[in-house]
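FYI, it's all coordinate maths here, none of it is from the lab. Quick caveat: nothing in here was measured; it's all calculated off a predicted structure. Note: ideal-geometry Cβ built from the backbone for every residue, glycine included; neighbour counts use all protein chains shown.
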Amino acid sequence: MAWEVQHHTLADGWINTWTQETDQGTWAPITYASQDEAEYELAEFFREITLEVEHGARDADNIYDVSEFRVVKVEEGFVSDKMNSQIEKE
């Protein structure tokens, strides 16, 4: 099992919008080995946004709400939100 951070979007609902470039130059969803690791990365994401606002690099009205994100368990190799039956909700 793996864990991923999902973002609630208006168009697609809950999806994993976090990607990384592979060695082949394609983009793949980021997954994490543990719930703790995924939650840590989400906390770091919000910490970076807070610092950007504090240093004037981002407008304070251009931030995300924590409720727009969640961490869920997914099957390894699974592309998020393609088959909701494969997601184990917390």
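See the values below:
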| item | result |
| --- | --- |
| Cβ crowding within 10 Å averaged over residues, with 5-17, 48-60 ranked highest first | 5-17, 48-60 |
| Per-selection metrics, the range 2-86 (Cα): Rg and Dmax in Å | 14.1, 42 |
